[in-house]
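The values are calculated or read from the model by the stated rules, or taken from the named source; none is laboratory data. Model, not experiment: these values are computed from the prediction. No Cβ is skipped: glycine too gets one built from the backbone with ideal geometry, and neighbour counts run over all protein chains shown.
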Amino acid sequence: MNDIMFDLETMDNIGSSAIVSIGAVQCNLITGELGEEYYRVVDLNGQESVGRTIDVQTMYWWLGQSDSARAALLIPGKILLEEMCKTFKAWIEHLQYPKTKRIWGNGASFDNAIIRSAFKSVGEEFPIPFWQDRDMRTIVGFYPKSMQEDWRWRNVRKGTHHNALDDAKYQVKYCSHILQELGVEELY
């Protein structure tokens, strides 16, 4: 499996955002097959000292989310941003051949940009080259029917909205369904 779908929960909506949690799953985006998973909740302490930003409007947005989504912000055992970058890099390398892996985010200018910026802010090199960044919104844009409510919810969502791992898994299923509908047999 050469695809990794990931999702971030953040405290801002720009590239320098502080990261609350990260979820990733190895996958075959065409078949929807899921492989190994990665999930960490990240401590906000210390993130501002390395240039990560927290936006008040985003904090208010989090207050309006479900109890289960907000619970991730408060669990014990959070790790520091630097440790998250190191363990995520090790997880990707464990999957083997990171230079050939494609990393999919829900917005190359959002998730992908934030994770690369976070790595840079703690002095870590991101293990997947920039030319392997992929954007699930592009897939969705190729199939406008997917934005219609009756189509979208044929894929019953499981898990908690705004739980990074649950969101990453859902994004795989959503993209896989579109690619199958379009008859895509291979990704490059």
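Going through ASP3, ASP43 one at a time, which residue ends up being over 24 Å from GLU185 (Cα atoms), of a type in the set (Asp, Glu) and either modelled with pLDDT under 95 or out of contact with any Asp or Glu (no Cβ under 7 Å at 6 or more places or on another chain) (or both)?
None of the others qualify; the one that does is ASP43.
Just one of the numbered conditions (1) at pLDDT below 95; (2) more than 15 Å from LYS169 (Cα to Cα); (3) of a type outside the set (Lys, Arg); (4) surrounded by fewer than 17 Cβ atoms within 10 Å (Cβ to Cβ) is not true of GLN57; which one?
With respect to (1) at pLDDT below 95; (2) more than 15 Å from LYS169 (Cα to Cα); (3) of a type outside the set (Lys, Arg); (4) surrounded by fewer than 17 Cβ atoms within 10 Å (Cβ to Cβ), GLN57 is out only on (1).
Going by what's in this entry, would LEU80 be described as more than 23 Å from THR138 (Cα to Cα), surrounded by fewer than 17 Cβ atoms within 10 Å (Cβ to Cβ) and of a type in the set (A, V, I, L, M, F, W, C)?
Yes: the conditions hold for LEU80.
Filter the stretch 55-73 down to residues that are within 20 Å of ILE14 (Cα to Cα) and either aromatic (Phe, Trp, Tyr) or in a helix (DSSP H, G or I) (or both), then give me how many there are.
Number satisfying all stated conditions: 9.
Can you pull out the residues in the stretch 148-185 that are of a type in the set (Gly, Ala, Ser) and modelled with pLDDT under 90?
GLY159
Mind checking whether some residue in the stretch 30-37 is surrounded by 18 or more Cβ atoms within 10 Å (Cβ to Cβ) and in contact (Cβ under 8 Å) with a residue 24 or more places away in the chain?
Within the stretch 30-37, not a single residue is surrounded by 18 or more Cβ atoms within 10 Å (Cβ to Cβ) and in contact (Cβ under 8 Å) with a residue 24 or more places away in the chain.
It is to be established whether one or more residues within the stretch 80-97 are assigned to a loop (DSSP other than H, G, I, E, B) and either over 19 Å from the mean Cα position of the chain (by Cα) or of a type in the set (Asp, Glu) (or both).
Yes: one or more hits.
Can you work out which of the residues in the stretch 85-108 that are in contact with a strand residue (DSSP E or B) (Cβ under 8 Å, 6 or more places away or on another chain) and small (Gly, Ala, Ser) is surrounded by the most Cβ atoms within 10 Å (Cβ to Cβ)?
GLY105
Which condition number does LEU44 fail, the rest of (1) within 18 Å of the chain's Cα centre (by Cα); (2) among the aliphatic types (A, V, I, L, M); (3) outside any loop (DSSP other than H, G, I, E, B) being met?
(3)
Provide a single number: the residues in the stretch 107-126 that are modelled with pLDDT of 95 or more and in a loop (DSSP other than H, G, I, E, B).
5
Please find, within the stretch 127-144, the residue that is surrounded by the fewest Cβ atoms within 10 Å (Cβ to Cβ) out of those that are within 18 Å of ASP167 (Cα to Cα) and among the β-branched types (Val, Ile, Thr).
Ranking the qualifying residues of the stretch 127-144, first place goes to THR138.
For the list (1) out of contact with any Asp or Glu (no Cβ under 9 Å at 6 or more places or on another chain); (2) within 24 Å of MET136 (Cα to Cα); (3) assigned to a helix (DSSP H, G or I), I need the number of the one condition that TYR38 fails.
Failed condition: (3).
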